[in-house]
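Okay, so here's the structure we're looking at.
Values in this text are rule-based calculations from the coordinates and carry no lab data. Since the structure is predicted, the reported quantities are computational estimates derived from the model, not experimental observations. As a convention, Cβ positions derive from the backbone with ideal geometry for all residues, glycine included, and neighbour counts pool all protein chains shown.
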Amino acid sequence: MLLRVCPSSFFYLRPLHLFTSSSKLPFRPSLRRQFRLIPSRSSSSSFHRMESQSPPASSSSQTPVTASETDSLAKDLQNQNLGAVDDSGGDAKIKRKLEDFNWDNSFVKELPGDPRTDVISREVLHACYSKVSPSVPVDDPQLVAWSDSVAELLDLDPKEFERPDFPLLLSGAKLLPGAMPYAQCYGGHQFGMWAGQLGDGRAITLGEVLNSKGERWELQLKGAGKTPYSRFADGLAVLRSSIREFLCSEAMHFLGIPTTRALCLLTTGQDVTRDMFYDGNPKEEPGAIVCRVSQSFLRFGSYQIHASRGKEDLEIVRKLADYAIKHHFPHIESMSRSDSLSFRTSKEEVDLTSNKYAAWVVEIAERTATLVARWQGVGFTHGVLNTDNMSILGQTIDYGPFGFLDAFDPSFTPNTTDLPGRRYCFANQPDIGLWNIAQFAKSLAVAELINQKEANYAMERYGEKFMDEYQAIMSKKLGLSKYNKDIISKLLNNMAVDKVDYTNFFRLLSNVKANPDTPENELLKPLKAALLDIGKERKEAWIKWVQAYIQEVSGDDTSDEERKARMDSVNPKYILRNYLCQSAIDAAEQGDFSEVNNLIRLMKNPYEEQPGMEKYARLPPAWAYRPGVCMLSCSS
């Protein structure tokens, strides 16, 4: 059975009037929708399009948000074993040398592999991976940045970073004892079109390390050389993109957003040729390698590729699902009917405990929804949300042309390749997350692991979970005790019209006092640094909004000080703006890595004031809007 490519379409899950009349994209109202997969006439187990049905309108635009609900976000993520944000110490910890890593390598041992070991670009059939060793050319490689908190996850002694041979071992030039390196086979939809086989074209996984807590962590070298999936590329990475990936994966972690991590960043001592703007003007750039760390690098596309290849590979979809559940979702394996995991479709109730694959896809949908809601909360735009860039763990993965919002623009995309249609722009991310879940669910359905109703429910849960999480996040950002759609949507409309800086505005908002008697000429003073160059008409619009906001927050018993503390704990002072990355890159390309390390230290406490570091919270300078800074290509 061939996997049919679904046409690109959006389902308008965009929350809170993210599109305004001044946006480049059409205005869409906020709707909570129920989604259904429509079975293809040619097959009862394949799906070819999606339709949505609007539920009855709510009688009120305000939905209470309890403290337990708003605090559940962080608890849910901690329960997912994706790495805690609090890296404070406790009892004495195990400290291992690199040679003492407890390798498990279950992926290679339990799943079918490619019988060939060469790196000739080819179609790899009936295999989840190809064994391949790092082959990046190095000339006196240098360790230039590392993460102590990731080392702690691995029980790695920080003194190991001082070893003279550390750069050789973590560049792959010298293989770590016990490692069984491989490149993963996967496919994916790119910009809505099925791209067929993709795979790890320049990332080589060394294997899995078990730490003293029994946690499984994969170590992967990005830029380590050619694999069978490299196609026409060289399998290498440049310093420019490697710095961005290293910094952003760590910055996202400390923002509290699920993400792959980065142990270290090394230069190879060799130049790499890249045409950054795809304009026929390639240049030599310093080569680099990032050691990425995650509990798993399995993606939606890991399942899609095998589902697309017909009956012979459908059993691999099942094996790969069993593997993921066994090692990364063990609670699903041990479910019983007493867990009461059920849902209602039409007139019948279906018990999720009767099909572990259905429970699994529902959890992945919920994790993905939570992840996207958190992106929206901090203004993060991934830029390349292809299905091969979607983690089954609900983590941010594959940092390419990403960007945080500066001026609030729902149509913002940091990816030059995405400019024509802005498929992956900030406001579209919730819809794209759902579209990608649909493609993942379809792969499982083609392999007959789930049925139509179970796939439909996974998508319904995505929509419900996203709206619940997003509403809770936005309520906390504004210090509201209950969700108020009118207040929030009017704020976002005002911010889009006046191009207000997303991060700085929310940080300043906590300084507004809940005093309804505040004189009109003083209402905007706490927000003055964010409301720049607004005329009389727009000033009146903002005054009207602040008055409504004060009226809303003055209705509870929270003191100004308590509300400010709560708001500052969810509204970061510092984000990894693209121009900050570029400043660090410019210096690093000249051999100065001090700014890279300054940003590492800064991003460890994004919600703290950090006196003396205020310059890192400034608006982007004029040079930041040049090509290659505010917007980037996928060339790396």
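Need one number: nm distance between label points at Leu419 and Ala548, each 7 Å from Cα along Cα→Cβ, rounded to one decimal.
Spacing of the two 7 Å Cα→Cβ label points: 3.6 nm.
Starting from the Kirkwood radius over alpha-carbon pairs of region 553-596, derive D by Stokes-Einstein at 25 °C in a medium of 0.890 mPa s and give it in µm² s⁻¹. Please report the intermediate quantities before stating the final value.
Working: Rh = 13.4 Å.
Translational diffusion coefficient: 184 µm²/s.
Mind putting a number on the dipole of region 98-294 about its Cα centre? Charges go on the C-beta only, +1 for Lys and Arg and -1 for Asp and Glu, and I need it in Debye to the nearest 20.
Working: 19 positive and 28 negative charges, 114 e Å.
Charge dipole of region 98-294: 540 debye, to the nearest 20.
Beyond a 19 Å Cα-Cα separation, which of these cross-linked pairs lie in this structure: Lys513/Lys615; Lys95/Lys213; Lys477/Lys573; Lys499/Lys539; Lys490/Lys544? Present the calculation step by step, with values, prior to reporting the outcome.
Values: Lys513/Lys615 26 Å; Lys95/Lys213 13 Å; Lys477/Lys573 13 Å; Lys499/Lys539 14 Å; Lys490/Lys544 10 Å.
Too far apart for the 19 Å limit: Lys513/Lys615.
If you consider only alpha-carbon coordinates, what radius of gyration and Dmax does region 489-636 have, in Å?
Final numbers for Rg and Dmax: 18.1, 56 Å.
Given the C-alpha centroids of region 432-488 and region 300-339, what is the distance between them in whole angstrom?
Taking the Cα centre of region 300-339 as reference, the centre of region 432-488 is 21 Å away.
Enter the Cα centre distance for the pair region 593-613 and region 157-217, rounded to the nearest angstrom.
27 Å
Give me the net charge for the shell around Asn571: Cβ to Cβ below 14 angstrom, other residues only, Lys and Arg +1, Asp and Glu -1.
Details: positive: Arg374, Lys476, Lys477, Arg507, Arg563, Lys564, Arg566, Lys573; negative: Asp501, Asp568, Glu608, Glu609.
Counting the neighbours of Asn571, the net charge comes to +4.
Sorting Leu619, Leu444 on the 10 Å Cβ count, fewest up front, what's the list? All intermediate terms of the calculation are to be shown ahead of the outcome.
Details: Leu619 15, Leu444 25.
Result, fewest neighbours first: Leu619, Leu444.
Could you line up Ser334, Ser106 from fewest to most neighbouring Cβ atoms inside 10 Å? Mind showing how you got there, number by number?
On the way: Ser334 8, Ser106 15.
In increasing order of surrounding Cβ atoms, one gets Ser334, Ser106.
Give the order of Arg116, Arg96, Arg261 when sorted by the count of other beta carbons within 10 angstrom, beginning with the fewest. Walk me through the numbers before you get to the answer.
Numbers: Arg116 14, Arg96 18, Arg261 23.
By the 10 Å Cβ count, ascending, the order reads Arg116, Arg96, Arg261.
Quick check: from the Cα gyration tensor, does region 365-488 come out rounded (a/c under 1.5), prolate or oblate? Could the numbers behind the result be given before it?
Numbers: a/c = 2.28, a/b = 1.23, b/c = 1.85.
Note, shape of region 365-488 comes out oblate.
Among Leu576, Phe505, Ala529, whose Cα sits farthest toward the positive end of the charge dipole of region 501-636 (+1 at Cβ of Lys/Arg, -1 at Cβ of Asp/Glu, about the Cα centre)?
Farthest along the dipole direction, towards plus: Leu576.
Put +1 on the Cβ of each Lys and Arg and -1 on the Cβ of each Asp and Glu in region 187-266; which of Leu255, Gln220, Trp194 then has its Cα farthest toward the positive end of the dipole?
Trp194
Classify region 98-294 as rounded, prolate or oblate from the Cα gyration tensor: take a ≥ b ≥ c as the square roots of its eigenvalues, call it rounded if a/c is under 1.5, otherwise prolate when a/b beats b/c and oblate if not.
Details: a/c = 1.44, a/b = 1.13, b/c = 1.27.
Rounded is the answer for region 98-294, as its axis ratio a/c remains below 1.5.
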